[in-house]
Amino acid sequence: DGGITQSPKYLFRKEGQNVTLSCEQNLNHDAMYWYRQDPGQGLRLIYYSQIVNDFQKGDIAEGYSVSREKKESFPLTVTSAQKNPTAFYLCASSISDEQFFGPGTRLTVL
Amino acid sequence: GQNIDQPTEMTATEGAIVQINCTYQTSGFNGLFWYQQHAGEAPTFLSYNVLDGLEEKGRFSSFLSRSKGYSYLLLKELQMKDSASYLCAVLSFYKLSFGAGTTVTVRA
């Protein structure tokens, strides 16, 4: 089945550690996105990539990094510079205007 | 910048109709999406409006007025499974900007 996968669903890390969240899609979509969702707030764009080997900062990129070496994969690294990393992280992809979302990873930093 | 407003919460009775309003002020406009999101899950697509007017899809309808910066999502014949958060999102220059979401609670 075609779709977007994010793993793991729940992730726990100690403060000060970097952590990488995976996002894989087999929809053959060119564009991929990372969002963060906090309680009572809308999704906020962290990074996006419209094509392989190219990506742009979104609205809240500080403390995060990404890579886009393959069309199918767009991993997000949450670095120790991110002051409030505990959140629900959603990955999405698109080939036209509509974005399709993965199931999300809930990251908790202890 | 983008400013997208929608009510925080709404409650309705099973079988009733609920209308969720969304107002927006954005630099550039390519279209407006409505997504449904159950707690802890991914948003799922409901509707997409590019031109002014009403789009109907079964129990769900969405309306857009670009000149007023206004949209609404209409949910008819409410069912318990419609209890969820509904997200209004504006597409501008390939990027989606989301409102905070409206939590709809359907009561028996």
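The values are calculated or read from the model by the stated rules, or taken from the named source; none is laboratory data. Keep in mind the model is a prediction, meaning the values are calculated, not measured. All Cβ positions, glycine included, derive from the backbone under ideal geometry; neighbour counts span all protein chains shown. Side chains included, ligands, DNA and RNA excluded: accessible areas come from the protein's heavy atoms. Shrake-Rupley method; radii C 1.70, N 1.55, O 1.52, S 1.80 Å.
In table form, for the structure just shown:
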{"item": "Complete set of residues in segment B:28-50 that are within 13 Å of another protein chain (Cβ to nearest Cβ), over 12 Å from the mean Cα position of the chain (by Cα), touching a residue at least 12 places away in the same chain (Cβ under 8 Å) and assigned to a loop (DSSP other than H, G, I, E, B)", "result": "B:Phe29, B:Asn30, B:His38, B:Ala39, B:Val50"}
{"item": "Count - residues of segment A:37-58 that are facing chain B (nearest Cβ under 8 Å), at negative phi and either exposed (fewer than 14 other Cβ atoms within 10 Å of the Cβ) or not polar (S, T, N, Q) (or both)", "result": "7"}
{"item": "Segment A:19-35, residues that are within 11 Å of chain B (Cβ to nearest Cβ) and either open to solvent by 80 Å² or more (accessible area, probe 1.4 Å) or within 20 Å of B:Gly40 (Cβ to Cβ) (or both)", "result": "A:Tyr33, A:Tyr35"}
{"item": "Positions within segment A:1-18 being in contact (Cβ under 8 Å) with a residue 24 or more places away in the chain, assigned to a loop (DSSP other than H, G, I, E, B) and open to solvent by 70 Å² or more (accessible area, probe 1.4 Å), in sequence order", "result": "A:Lys9, A:Lys14, A:Glu15, A:Gln17, A:Asn18"}
{"item": "Some residue of segment B:70-80 being under 13 Å from the mean Cα position of the chain (by Cα), hydroxyl-bearing (Ser, Thr, Tyr) and within 11 Å of another protein chain (Cβ to nearest Cβ)", "result": "no"}
{"item": "So A:Glu69, is it modelled with pLDDT of 95 or more, more than 14 Å from chain B (Cβ to nearest Cβ) and open to solvent by 60 Å² or more (accessible area, probe 1.4 Å)", "result": "yes"}
{"item": "Matching residues in segment B:49-88 - criterion: being crowded, with 18+ Cβ neighbours inside 10 Å and within 30 Å of A:Lys9 (Cβ to Cβ)", "result": "B:Leu73, B:Leu75, B:Leu78, B:Asp82, B:Ala84, B:Ser85, B:Tyr86, B:Leu87, B:Cys88"}
{"item": "Identity of the residue in segment B:86-102, facing another protein chain (nearest Cβ under 10 Å) and not in a loop (DSSP other than H, G, I, E, B), that ends up modelled with the lowest pLDDT", "result": "B:Lys95"}
{"item": "Candidates B:Gln6, B:Gln25 - the one that is in contact with a strand residue (DSSP E or B) (Cβ under 6 Å, 6 or more places away or on another chain), of a type outside the set (A, V, I, L, M) and more than 30 Å from A:Arg106 (Cβ to Cβ)", "result": "B:Gln25"}
{"item": "Filtered residue count, segment A:77-110, keeping only those that are more than 10 Å from chain B (Cβ to nearest Cβ), over 15 Å from A:Ile60 (Cα atoms), of a type outside the set (Ser, Thr, Tyr) and surrounded by 15 or more Cβ atoms within 10 Å (Cβ to Cβ)", "result": "2"}
